[in-house]
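S.K.: My questions all concern the structure below.
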Amino acid sequence: RAPIIKDVNRASKGNLTIKDNVITDAPVGAIMADHWWGHDNVLITGNTIRKTILEPNGDFHAIFAPDFNRRPVQIIGNRITIKAASGVKPGLASCIVNGGHQGNLSGMVVKDNECDGGGVAVFVHSNSLGGHIGVQYQGNKLSNLTDSITGDSQGLASTGNILTNVTRDTANFKSKH
């Protein structure tokens, strides 16, 4: 039930790899940081994240992808499953939160991830204009989601993503194969 929270206030260089963790029922998010500014390279790969939302209106974000100053962040090969307990209507639930603004995540790669949203979650949520500009979504498997991406989806690059039982595809992942 413990998340991985990266405190980047003291980091000034070096690579950061968050790899092969199993995180089950972390409270609000599983892998989070305020910014990735201090690292030369950030790779989030091979993690398994499972969440059952038990509280009505409870929010959950599996991976938080904030802005960076150096090499683009890579989110590759993670497996995320989100569901709600019987009779519970969650708040905002997402496999990835895009914390970018006006292209400052340009070059980020989100590749070969599996996201099963249990009919209550979205693949990626962004609450800022231009957060997806230049972000590459490649070969992700999306299933049982309420939407592919919510928020502003202008400028994203999408290839080879597979959608199964996704209610809405606001980002037009299907038309960009």
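S.K.: Can you give me the accessible area per residue for segment 86-158, using a 1.4 Å probe, in Å²?
M.R.: Counting only protein heavy atoms, the per-residue value for segment 86-158 is 34 Å².
S.K.: For Cα Rg over 2.2 N^0.38 Å, which listed value, [x] 0.95; [y] 1.19; [z] 1.05, comes from the coordinates shown?
M.R.: Computed from the coordinates, Cα Rg over 2.2 N^0.38 Å corresponds to [x].
S.K.: Starting from the Cα of Leu129, move 7 Å in the Cα-to-Cβ direction to define the label point; list residues of segment 142-177 whose amide nitrogen is under 13 Å from there.
M.R.: 152-154
S.K.: Right, next: Rounded, prolate or oblate, given the Cα gyration tensor of segment 76-147, with a/c below 1.5 counting as rounded?
M.R.: Oblate, because a/c is 1.5 or more while a/b does not exceed b/c.
S.K.: Of Lys13, Lys141, Lys51, which is the most mobile in a GNM of the chain whose springs link Cα atoms less than 10 angstrom apart?
M.R.: Checking each option, the largest mean-square fluctuation is seen for Lys13.
S.K.: When only C-alpha pairs under 8 Å and at least 6 residues apart count, what is the relative contact order of the chain, in percent?
M.R.: Relative CO of the chain lands at 15 percent.
S.K.: Subtracting the Cα-Cα distance from 0.36 nm times the residue separation, let me have the gained length for Val88 to Asn69 in nm, one decimal. Don't jump to the answer; show the numbers that get you there.
M.R.: Numbers: separation 19, 0.36 × 19 = 6.84 nm, distance 3.91 nm.
Extending this stretch completely gives an extra 2.9 nm.
S.K.: Farthest toward the dipole's positive end in segment 52-147, which of Leu145, Phe60, Cys115, given Cβ charges of +1 (Lys, Arg) and -1 (Asp, Glu) about the Cα centre?
M.R.: Value: Cys115.
S.K.: Moving on to the next point. Determine how large the accessible area of Val28 is when every protein chain is in place; take a 1.4 Å probe and give Å² rounded to the nearest 10.
M.R.: Using a 1.4 Å probe on the heavy atoms, I get roughly 80 Å².
S.K.: Return the single residue from Ile49, Ile18, Ile82 with maximal mean-square fluctuation; model: Gaussian network over the chain, springs between Cα atoms under 10 Å.
M.R.: Ile18
S.K.: At a 1.4 Å probe, what is the % contribution of carbon and sulfur to the accessible area of segment 67-177?
M.R.: The C+S portion of the solvent-accessible surface of segment 67-177 is 48 percent.
S.K.: Between beta-carbons, use under 13 Å as the cut-off and find the net charge around Lys89, counting Lys and Arg +1, Asp and Glu -1.
M.R.: Spelling it out: positives minus negatives among the neighbours equals -1.
S.K.: Roughly how many debye, to the nearest 20, is the charge dipole of the chain about its Cα centre, given +1 on each Lys and Arg Cβ, -1 on each Asp and Glu Cβ, and no other charges?
M.R.: The calculated dipole for the chain is roughly 260 debye.
The values are calculated or read from the model by the stated rules, or taken from the named source; none is laboratory data. All values derive from a computational prediction rather than experimental measurement. For neighbour counting, all protein chains shown are included, and Cβ atoms are generated from backbone atoms with ideal geometry for every residue, glycine included. Note: areas computed on protein heavy atoms with side chains; ligands, DNA, RNA excluded. Shrake-Rupley method; radii C 1.70, N 1.55, O 1.52, S 1.80 Å.
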